[in-house]
1. Write out, first by first residue and then by second, each pair whose Cβ atoms fall under 7 Å of each other, whose residues are 6+ apart or on separate chains, and whose first residue, in the range 198-221, is at pLDDT 95 or above while the second is of a type in the set (S, T, N, Q) and near the ligand (Cβ under 10 Å from one of its atoms).
2. Do we have residue 112 as in a helix (DSSP H, G or I), open to solvent by 10 Å² or more (accessible area, probe 1.4 Å) and more than 20 Å from residue 345 (Cα to Cα) here?
3. Answer yes or no as to whether residue 456 is touching a strand residue (DSSP E or B) at 6+ places or on another chain (Cβ under 7 Å), surrounded by 10 or more Cβ atoms within 10 Å (Cβ to Cβ) and over 18 Å from residue 378 (Cβ atoms).
4. Filter the range 406-427 down to the residues that are under 25 Å from residue 184 (Cβ atoms) and part of a loop (DSSP other than H, G, I, E, B) and list them by number.
5. For the range 188-200, how many residues meet the condition of being open to solvent by less than 20 Å² (accessible area, probe 1.4 Å) and more than 13 Å from the ligand (Cβ to nearest atom)?
6. Going through the range 274-292 one residue at a time, which ones are among the hydroxyl-bearing types (Ser, Thr, Tyr) and open to solvent by less than 30 Å² (accessible area, probe 1.4 Å)?
7. Which numbered condition in (1) within 15 Å of the ligand (Cβ to nearest atom); (2) in a strand (DSSP E or B) is the only one that residue 291 fails?
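The values are calculated or read from the model by the stated rules, or taken from the named source; none is laboratory data. Keep in mind it's a predicted model, so treat the numbers as computed, not measured. No Cβ is skipped: glycine too gets one built from the backbone with ideal geometry, and neighbour counts run over all protein chains shown. What goes into the accessible areas is simple: the full protein's heavy atoms, side chains included, and nothing from ligands, DNA or RNA. Shrake-Rupley method; radii C 1.70, N 1.55, O 1.52, S 1.80 Å.
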Amino acid sequence: MRPGDLRDWLAAVEATGELRTVRGAHWHLEIGALCELDYRLPTPWALLFDDIPDYPRGRRVLAGAAASPARLGLTLRLGPDHSTLDLIQALRGQLTRWAARAAEFAPREVADGPVLEHVYEGDAVDLTAFPAPFWHEGDGGRYIGTGGLLLTRDPETGWINGGTYRMQLLDRNRLGLFALTGKHARIHLDKYAALQEPCPVVVSLGHDPLFALLGGIEVPYGVSELAYAGAIAGEPVEVLRSPLTRLPLPARAEIVAEGFVYPGDTAPEGPYGEFHGYYSAAEAPQPVIHVKRLLHRRDPILLGSPPGRPPHDYSYWASILRSAVVFDALVEAGVPDVRAVWQHPCGGARMLLVVSIRQRYPGHARQAGHVAAQCRGGGQVGRYVIVVDEDIDPTDLEQVMWAVATRSDPVRDIDLIRRAWGSQVDPQFVTLPEGGLTNTRAIIDACRPWEFRDVFPPVVGASPELLARVRARWGALLGLGQ
Ligand SMILES: Cc1cc2nc3c(=O)[nH]c(=O)nc-3n(C[C@H](O)[C@H](O)[C@H](O)COP(=O)(O)O)c2cc1C
């Protein structure tokens, strides 16, 4: 699979039997609602929508791309035969290794590529030519950029960032861009605004879902997501050099739009059904991308990735990848004996983070909790960080809450961090004009207190040997087998 090429990816997924083509679903709400039904299945399908009313056959939308272990494994080039647990295991330390190798896989400039099959400039640009879905009934409009990748350059260092940020279709040549404070693209936009210069941008709207995975997680500042994708695929991403923005254009992308964001120029955007399961604030002014050039392949495919009440399009893979980001950050910060990390999907892979450790010294649990709460993968719009001992499986909420209920004392074991990095889409604050620019974190230390660890009452439960013995004798009676 060539990195960036969605057609290669589709061929590989078709071979797994996990791809379904849906014909005739309407872009207005039907595609979104069908996706919602899909995400609630134990193993959601990848859905390719074709014959969309008002659009010619071939103008397609793909959703649910990496919502199963097989497809996430394929997208990360780890193969399709992994369980969720295997993937978590395989990713330990792997993100750091890929990031370290990114420089060796800088994008390769090419002279030609399938994205040049159709090129429009100036007045010929028409973004309404693609079946951008109206995903949720309460959305403020049609969202064309949901699984996209926005490329921006840091005007001071030249570094090119790739990030996934929602984009509303405003009209034929304008997109509303929602990049929250502190996000890399937002920092770049602010730097251009301070210079009173237009910010050049490129957005890929359909591609190998690997681009959306990397655009959607916390890749370190200064690392190019395109190079990172090359490191994962083991070959560089092919790009064309734009004569307009001088930014790289992914040559094998389905649809690429490029143009400028002008300082101070905003338009009403939103609301939009967000990753935590609530609508974001009512319509609010956001930066606008003025699209000057549009390129696409023949019969292009939009990559859709709608959020909503979890499970949603990306809650599965975001939990796995963001857990791996936090795991690596803990290790890099020198926190020893981290056993596992889990960003729970029910917290939108941000708001409920559990870390299990093997306690080695007094203060170890608080150290793990505070680092997890403040590293980039756990830093934004977090809410609760729970630290548990190694006998607790952090992915099992029943076990986690048992530890909270029995091993922590509220006064002693809950630390608060005030005025931490918040978000305009935090459901607690959407009624405020600026949203929750900062919020509070609770770190719950649910480990056995260090000083009592040797006298803490033992856990009740038959020993594995006793259980095995009685199961062998009477298990069948309970329908347990051997
Ligand atoms: C499908 C999807 C949609 C997202 N939408 C937004 C968004 O609209 N605004 C935003 O600030 N972050 C959004 N995010 C989160 C960012 O992509 C994420 O924080 C990422 O790290 C941003 O890139 P950066 O670290 O280079 O800024 C989205 C993530 C995904 C996976």
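1. 199/152; 201/152; 212/164; 212/305; 215/164; 216/164
2. Details: in a helix (DSSP H, G or I): no; open to solvent by 10 Å² or more (accessible area, probe 1.4 Å): yes; more than 20 Å from residue 345 (Cα to Cα): yes.
So residue 112 fails the test.
3. Working: touching a strand residue (DSSP E or B) at 6+ places or on another chain (Cβ under 7 Å): no; surrounded by 10 or more Cβ atoms within 10 Å (Cβ to Cβ): yes; over 18 Å from residue 378 (Cβ atoms): yes.
Spelling it out, it is not the case that residue 456 is touching a strand residue (DSSP E or B) at 6+ places or on another chain (Cβ under 7 Å), surrounded by 10 or more Cβ atoms within 10 Å (Cβ to Cβ) and over 18 Å from residue 378 (Cβ atoms).
4. 424, 425, 426, 427
5. Going through the range 188-200 one residue at a time, the tally reaches 3.
6. We begin by selecting, within the range 274-292, every residue among the hydroxyl-bearing types (Ser, Thr, Tyr); these are 278-280.
Within the range 274-292, just 280 meets the criteria.
7. (1)
For (1) within 16 Å of the ligand (Cβ to nearest atom); (2) touching a Lys or Arg at 6+ places or on another chain (Cβ under 9 Å), each residue gets a yes or a no:
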| residue | (1), (2) |
| --- | --- |
| 211 | yes, no |
| 214 | yes, no |
| 220 | yes, yes |
| 230 | no, yes |
| 235 | no, yes |
| 242 | no, yes |
| 246 | no, yes |
